[in-house]
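Everything below concerns the one structure shown next.
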Amino acid sequence: MTTQYAWGNDSSKILPHDLQFDTEEYEELITMVHEKIKKEYSDDETCRFYSKLLGKLLYQANNQ
């Protein structure tokens, strides 16, 4: 049985430059995390985790 990946069957075809995000992809990820923070507040620890994740995305997006 072969593993099915979102980008196809063969993980050996993934090149390092394929793993880089462009501005549009960063914007989408940032929006998704921000919406999740606004929608799903459950407790302080979860909120801090999502906020830290959002901060990391913003940092990476601004330093690419």
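The values are calculated or read from the model by the stated rules, or taken from the named source; none is laboratory data. Keep in mind it's a predicted model, so treat the numbers as computed, not measured. No Cβ is skipped: glycine too gets one built from the backbone with ideal geometry, and neighbour counts run over all protein chains shown.
In table form, for the structure just shown:
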| read-out | value |
| --- | --- |
| Looking only at region 1-27, and only at residues there that are closer than 24 Å to LYS56 by Cα and surrounded by 11 or more Cβ atoms within 10 Å (Cβ to Cβ), the one that is modelled with the lowest pLDDT | ILE14 |
| Among residues of region 45-64, those that are within 16 Å of ASP22 (Cα to Cα) and β-branched (Val, Ile, Thr), counted | 0 |
| Contacts under 8 angstrom Cβ, first residue in region 42-57 being in contact (Cβ under 8 Å) with a residue 24 or more places away in the chain, partner among the hydroxyl-bearing types (Ser, Thr, Tyr), 6 or more apart | LEU57/TYR26 |
